[in-house]
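Data first, discussion second: the structure below is written as structure tokens.
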Ligand code: 5GP
Ligand code: ZN
């Protein structure tokens, strides 16, 4: 997707502070952090949202969570805890239409988010 911000981050057109990368998954620090640790974890492949997951591409979700497992250890928040958030569509507050999971931690997080 040529006009997708996260595709541009994947192909290096937009710089990012990378936290983790493998063949299919990329994680980088959010430009506007909501917590001391705020990382965005994405598939390198352009998938618009959870609504666009299907039998063919669903394996990426498992790969993303495997990556998160490594990232939380690397960033030292595995034991203190963290939150994984997916915003889907307009009411979900999704502003970038490339599937992504927010990984938030480093402080006590409020619930419910409102
Ligand atoms: P959403 O609101 O779609 O769930 O989350 C999109 C996230 O992407 C937001 O938290 C926003 O701060 C982050 N973001 C938007 N543009 C950029 C960018 O160019 N670089 C980085 N690192 N994060 C971005
Ligand atoms: Zn994209």
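Each reported figure results from applying straightforward, stated rules to the coordinates on display, with no laboratory input. Here the structure is a predicted model, which is why all the values come from computation and not from measurement. Heads up, the Cβs are rebuilt from the backbone with ideal geometry, glycines too, and the neighbour counts pull from every protein chain shown.
The shape of the chain can be summarised by an equivalent ellipsoid whose semi-axes, obtained from the alpha carbon gyration tensor, come to 21, 16, 15 Å from longest to shortest. What the Cα atoms of segment 51-104 give is an Rg and a Dmax of 12.8, 35 Å.
Taking Cα atoms only, the orientation of helix 59-74 departs from the longest principal axis of the chain by about 30 degrees. By the count of neighbouring beta-carbon atoms within 10 Å, fewest first, 13, 21, 55 end up ordered 55, 13, 21. Highest mean packing first, where packing is the average number of other Cβ atoms within 10 Å per residue, the peptides 62-68, 75-81 line up as 62-68, 75-81. Comparing 97, 87, 57 in a Gaussian network model of the chain, where Cα atoms under 10 Å apart are tied by springs, the biggest mean-square fluctuation is seen for 57.
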